[in-house]
Number of protein chains: 2
Amino acid sequence: MNALFKALNDPTRRAILERLRNGPASAGAIAEQFHFSAPTISHHLDLLRQADLVTSQKQGQFVVYTLNMTVFDELLGWLYQFKS
Amino acid sequence: MNALFKALNDPTRRAILERLRNGPASAGAIAEQFHFSAPTISHHLDLLRQADLVTSQKQGQFVVYTLNMTVFDELLGWLYQFKS
DNA sequence: ACTTTACTTAGACATTTGTCTAATTAACGA
DNA sequence: TCGTTAATTAGACAAATGTCTAAGTAAAGT
């Protein structure tokens, strides 16, 4: 839960998630959209993975990141307790 | 949106929100539950207010904090775009 | 009036965070 | 086998964050 909120607490990481809504993408393809260095994006992807918001598979040279939506259920569950 | 995720990215602040589910409470009453100093809790409450997650009204000596659930709709809306 | 109670503001400080450059690893292509 | 491309790891650094103590403000009690 901590890792989840931590991962979501950054506009770049949220934008990456939104990017991944359109389907899986390689680290490089993701990085192209942002004006940050590759290591920075790599670090963001790492935090997203720690929160289990994305998964990654190595495909040849590339590392393909995929959105994992099941984690959102946890968040929805937490939110739901406030909806009386 | 930034203020919202920022406010949620701390276990103490989330615990305060959960405390407030049981109804409004004064800053002091909230602070009693935690082993942090009053200024620290006051600061957390400030961040929650900045995110509009709580409102505060002064009642005599006391400052009563109330959960504002309407903000969760914004979060639910953001989440919803991922639920294909 | 003075003291106490409730809370916030101000300022300090260690830790965490987001970013960078440089170096490293791994796969591909000629 | 060598150079290129894709990505991560390592290390540095400024900025943001969470905590504290001390000081300030304001309402209530006596």
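The values are calculated or read from the model by the stated rules, or taken from the named source; none is laboratory data. Fair warning: this is a prediction, and the values are worked out from it, not measured in the lab. Don't worry about glycine lacking a Cβ; one is built from the backbone with ideal geometry, like all the others, and counts go over all protein chains shown. With ligands, DNA and RNA removed, areas are computed over all heavy atoms of the protein, side chains included. Shrake-Rupley method; radii C 1.70, N 1.55, O 1.52, S 1.80 Å.
One line per residue, one yes/no per condition, for (1) within 8 Å of DNA strand C (Cβ to nearest atom); (2) within 12 Å of chain A (Cβ to nearest Cβ); (3) open to solvent by 70 Å² or more (accessible area, probe 1.4 Å):
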| site | (1), (2), (3) |
| --- | --- |
| B:F36 | no, no, yes |
| B:P39 | yes, no, yes |
| B:H44 | no, no, no |
| B:D52 | no, no, yes |
| B:Q61 | yes, no, yes |
| B:T66 | no, no, no |
| B:F72 | no, yes, no |
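Looking only at segment A:73-84, filter to residues that are free of Cβ contacts under 8 Å to residues at least 12 places away in the same chain and of a type outside the set (D, E); which one of those is farthest from A:N2 (Cα to Cα)?
To start, the set of residues in segment A:73-84 that are free of Cβ contacts under 8 Å to residues at least 12 places away in the same chain comprises A:73, A:76-77, A:79-84.
Next, from what is left, pick out any that are of a type outside the set (D, E): A:76-77, A:79-84.
Numbers: A:L76: 15, A:G77: 15, A:L79: 14, A:Y80: 17, A:Q81: 17, A:F82: 18, A:K83: 21, A:S84: 24 Å.
Across segment A:73-84, the extreme among qualifying residues is A:S84.
Could you grab me the full set of residues in segment A:16-27 that are under 14 Å from A:S56 (Cα atoms) and either surrounded by 13 or more Cβ atoms within 10 Å (Cβ to Cβ) or in contact with an Asp or Glu (Cβ under 6 Å, 6 or more places away or on another chain) (or both)? Don't jump to the end; show me each part of the working.
So in segment A:16-27, the residues under 14 Å from A:S56 (Cα atoms) come out as A:16-17, A:20, A:23-27.
Of everything in segment A:16-27, those that are under 14 Å from A:S56 (Cα atoms) and either surrounded by 13 or more Cβ atoms within 10 Å (Cβ to Cβ) or in contact with an Asp or Glu (Cβ under 6 Å, 6 or more places away or on another chain) (or both) turn out to be A:I16, A:L17, A:L20, A:P24, A:A25, A:S26, A:A27.
Out of the helices (runs of 4 or more DSSP H) lying entirely within chain A, which hold 1 or more residues that are more than 14 Å from DNA strand D (Cβ to nearest atom)?
Details: elements: A:2-8, A:11-20, A:27-32, A:38-50, A:70-80.
Ranges flagged: A:2-8, A:11-20, A:70-80.
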